[in-house]
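Here the structure is laid out as structure tokens; the discussion comes afterwards.
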Amino acid sequence: PWPQPQSIRTTLQQFALHPAAFHFLVNSTSQTCDLLTSAFDRYYKLIFYPYSYLNYILHPESPNNQVNYKPKKSLDDLRD
Amino acid sequence: ATLLKRLNVHIQDPCEQYPTLESDESYTLTINSDNGMLESVSIWGAIRGLETFSHLVYPDENLGLAINQTVINDFPRFQHRGLLLDTSRHFISIKTLKMNLEAMANSKMNVFHFHIVDDQSFPYESRTFPDLSGAGAYNQEHVYSQDDIADLIEFARQRGIRVIVEFDSPGHTQSWGRVIDVLTHCYDGGKPNNEYGPMDPSRNSTFDFLKKMFSEVANVFPDHYVHLGGDEVNFDCWRSNPNVTAFMRQMGFGNDYSLLEQYYMQNLVNIVASTGKGYAVWQEIIDNNVTVKADTVVEVWKDPYPDELARVTKLGYRTLLSTCWYLNYISYGRDWVNYYKCDPQNFPGTDAQKKLVVGGEACMWGEFIDATNVISTTWPRAAAVAERLWSAANVTDPNAATSRLEEHRCRYLRRGIPAAPVNGPSYCEFEYNR
């Protein structure tokens, strides 16, 4: 990451992510926080659809900015 | 590989409305099963942690997108990690300012120093004094309406970024004087010469105006701090004006015009303090012995910066460094290395003095910058400053940082932000606008 975190430990073990099988989950304190729900919305798009992300945040009302990219791998591919 | 199905986010404290200088941005991120965990004290830490999480996810040939098993404990070294953009010398659209805020969030910068007006233009559309931009802006399309400002502040808030606006005075105010008679009339051979100098401290009307103006500013900008500038005041016009000269005599200032500047700033800081706001100032205010509130933040911009930091912190003020991060001085080659090497705690002083340094700001002055080049000139060079201000004090090796900065630039491109190449020949998997 940039900037370099204060402490980071990482291994070679990988986890896969897929837009159809990933979500953010919050604890009860955080559920009323509008800043957090909008951050989830942004980061979901940023992680899975980075190419359309900037248009989405700069022109959120535009119908042309619906996210409709097809992921390179289907969920079934990953299950296999 | 296992699927990462969830990122559980736990925030200890209730949501705050706006970030502050004291915000807690620490977080812990753990990815070691099909459920990841992000824990923080505040919403601001969660936002920083989500940004880190997004950096850890990478395209993988077999998996589509992948993340490695990771544990991160993280917090910023400095609380104030700022970027100044000057929108007076060239206008920068709200859309471009938002793109810049997004780029800031991508590097965990948390203060947008909005240098909104200066000698050249006054694009701030004031509720109380609409004529200021009416005559002071380049034209009526080159203004920031109240709706624009509110929109920008909200965009920044969503990213945990504070907006500190600067209304610099008494110098750098030529654009203010096109409508409001607050500037000093300059004289030549005993007659007014139709030129104007800094604001005129000899007239009460100047301070009446400033009371109304800063009362509005205090309402429009929610951050506790307003930047009052105070740099580069030229005394020649004050010297030429007979009313100012008479006022100097009346006040017992002799021929020391720095005392007049001190008088002006003392009145101004008292006006702003009466609105309940705190203020940031350029270092000249302290150089000129103005008495300021204890929570004042002093911004050092002169060299040699180690001496300047030592002097300002010795006086007990919270201090920011910007001297070595004037990104508008563009040069060929890897200039980010010099920004990366500059450290705000590199000065002779006690531990207590070093703790008074709360961060710093990269500065992009607007003489040769507008929407055509501000993003690519600023980024990823400002990211070097961002790492210096966030990461541990011992993260100093530019060679070790080079490949990560290269990857970070490519991350910007993938996200649609046209960050310029900074390390010589290279390519990104996902090029800009390809």
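The values are calculated or read from the model by the stated rules, or taken from the named source; none is laboratory data. Just so it is clear, the structure is predicted and the values come from calculations on it, not from any experiment. Backbone-built Cβ (ideal geometry, glycine too); neighbour counts: all protein chains shown.
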_the stretch A:59-80, residues that are surrounded by 11 or more Cβ atoms within 10 Å (Cβ to Cβ), more than 8 Å from chain B (Cβ to nearest Cβ), modelled with pLDDT of 70 or more and assigned to a loop (DSSP other than H, G, I, E, B)_ = A:59, A:74
*Restricting attention to the stretch B:84-124, which residues are farther than 17 Å from residue B:164 by Cα and of a type in the set (A, V, I, L, M, F, W, C)?*
B:91, B:99, B:103
*What number of residues in the stretch B:25-40 are surrounded by fewer than 19 Cβ atoms within 10 Å (Cβ to Cβ), part of a loop (DSSP other than H, G, I, E, B) and modelled with pLDDT of 95 or more?*
2
_Qualifying positions in the stretch B:303-355 - of a type in the set (D, E, K, R), within 23 Å of residue B:377 (Cβ to Cβ) and free of Cβ contacts under 8 Å to residues at least 24 places away in the same chain_ = B:303
*Report whether or not residue B:377 is out of contact with any Ser or Thr (no Cβ under 9 Å at 6 or more places or on another chain), over 16 Å from residue B:78 (Cα atoms) and part of a helix (DSSP H, G or I).*
yes
*asked:* Taking the criterion of being more than 14 Å from chain A (Cβ to nearest Cβ), in contact (Cβ under 8 Å) with a residue 24 or more places away in the chain and surrounded by fewer than 19 Cβ atoms within 10 Å (Cβ to Cβ), would at least one residue in the stretch B:378-391 satisfy it?
replied: no
_Quick check on this structure: which one of B:344, B:398 is over 29 Å from residue B:20 (Cα atoms) and in contact with a Lys or Arg (Cβ under 8 Å, 6 or more places away or on another chain)?_
B:398
*For the stretch B:414-434, what are the residues that are under 24 Å from the mean Cα position of the chain (by Cα) and within 11 Å of another protein chain (Cβ to nearest Cβ)?*
B:415, B:416, B:417, B:418
_Residues of the stretch A:6-50 classified as touching a Cys at 6+ places or on another chain (Cβ under 9 Å) and either among the β-branched types (Val, Ile, Thr) or more than 7 Å from chain B (Cβ to nearest Cβ) (or both), total_ = 4
*asked:* Between B:11, B:47, B:43, which is closer than 21 Å to residue B:415 by Cβ, crowded, with 21+ Cβ neighbours inside 10 Å and aliphatic (A, V, I, L, M)?
replied: B:47
*Could you tell me whether any residue of the stretch B:346-359 is modelled with pLDDT of 95 or more, within 14 Å of another protein chain (Cβ to nearest Cβ) and more than 24 Å from residue B:280 (Cβ to Cβ)?*
no
*asked:* Here is a check on your reading of the model: is residue B:89 surrounded by 22 or more Cβ atoms within 10 Å (Cβ to Cβ), among the charged types (D, E, K, R) and either more than 9 Å from chain A (Cβ to nearest Cβ) or part of a strand (DSSP E or B) (or both)?
replied: no
*Being small (Gly, Ala, Ser) and within 21 Å of residue B:359 (Cα to Cα) is the filter here, so list the residues in the stretch B:7-45 that pass it.*
B:23, B:26, B:42, B:45
_Looking at the structure I just gave you, is residue B:207 part of a helix (DSSP H, G or I) and farther than 29 Å from residue B:83 by Cβ?_
yes
_Members of the stretch B:48-85 that are more than 7 Å from every other protein chain (Cβ to nearest Cβ), farther than 11 Å from residue B:108 by Cβ, touching a residue at least 60 places away in the same chain (Cβ under 8 Å) and part of a strand (DSSP E or B)_ = B:59, B:80, B:82, B:83, B:84, B:85
*Return a yes/no flag: does the stretch B:112-130 have any residue that is in a helix (DSSP H, G or I) and more than 25 Å from residue B:233 (Cβ to Cβ).*
no
_Meets criteria (under 16 Å from residue B:172 (Cα atoms), in contact with a helix residue (DSSP H, G or I) (Cβ under 7 Å, 6 or more places away or on another chain) and either without any contact (Cβ under 8 Å) to a residue 12 or more places away in the chain or buried (at least 24 other Cβ atoms within 10 Å of the Cβ) (or both)) for residue B:121_ = yes
*Can you name the number of the only condition in (1) aromatic (Phe, Trp, Tyr); (2) in contact with an Asp or Glu (Cβ under 7 Å, 6 or more places away or on another chain); (3) within 11 Å of another protein chain (Cβ to nearest Cβ) that residue B:365 fails?*
(3)
*asked:* Only one of B:134, B:171, B:197, B:189 is without any contact (Cβ under 8 Å) to a residue 24 or more places away in the chain and either more than 21 Å from residue A:38 (Cα to Cα) or touching a helix residue (DSSP H, G or I) at 6+ places or on another chain (Cβ under 9 Å) (or both). Can you tell me which?
replied: B:189
*Enumeration of residues in the stretch B:1-23 that are polar (S, T, N, Q) and part of a strand (DSSP E or B)*: B:2, B:8
*With B:102, B:141 as the choices, which residue is more than 19 Å from residue B:280 (Cα to Cα), out of contact with any strand residue (DSSP E or B) (no Cβ under 9 Å at 6 or more places or on another chain) and not in a helix (DSSP H, G or I)?*
B:141
*asked:* For the stretch B:386-397, check the following and say yes or no: at least one residue is among the hydroxyl-bearing types (Ser, Thr, Tyr), more than 30 Å from residue A:8 (Cα to Cα) and assigned to a loop (DSSP other than H, G, I, E, B).
replied: no
*Does at least one position in the stretch B:101-122 carry a residue that is within 24 Å of the chain's Cα centre (by Cα), farther than 25 Å from residue B:223 by Cα and either facing another protein chain (nearest Cβ under 9 Å) or among the polar types (S, T, N, Q) (or both)?*
yes
